[in-house]
1. If only one of Ser9, Ser59 is open to solvent by 60 Å² or more (accessible area, probe 1.4 Å) and not in a strand (DSSP E or B), which one is it?
Amino acid sequence: VLSCVNPDSANSPEVPVKILNCDTITQVKEKILDAIFKNVPCSHRPKAADMDLEWRQGSGARMILQDEDIT
């Protein structure tokens, strides 16, 4: 379960999103967007390709996650 924040409002409450360990980063982004924007029509939601998924550990470490790494 990920704790996610609305990208438009950092002060909004965190939304728990259930994901699978076999989900791709794009699938995770789509699940997060579905949970955060559940009351918004699909035509008005941001696209997963237009969003970055950022991993935050504590208050310092941050990393942008992608489907393919640079190796």
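1. Within the list Ser9, Ser59, the selection yields Ser59.
Here's the yes/no breakdown for (1) exposed (fewer than 10 other Cβ atoms within 10 Å of the Cβ); (2) touching a Phe, Trp or Tyr at 6+ places or on another chain (Cβ under 6 Å); (3) in a helix (DSSP H, G or I):
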position: Cys22; (1), (2), (3): yes, no, no
position: Thr26; (1), (2), (3): no, no, yes
position: Lys31; (1), (2), (3): no, no, yes
position: Lys38; (1), (2), (3): yes, no, no
position: Pro46; (1), (2), (3): no, no, no
position: Glu54; (1), (2), (3): no, no, no
position: Met63; (1), (2), (3): no, yes, no
position: Asp67; (1), (2), (3): no, no, no
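The values are calculated or read from the model by the stated rules, or taken from the named source; none is laboratory data. Predicted model, so just to flag it, every value in this text is computed and none were measured. Every residue, glycine among them, receives a Cβ derived from its backbone with ideal geometry; neighbour counts consider all protein chains shown. For the accessible areas, the whole protein counts, side chains as well, though only heavy atoms, and no ligand, DNA or RNA atoms are used. Shrake-Rupley method; radii C 1.70, N 1.55, O 1.52, S 1.80 Å.
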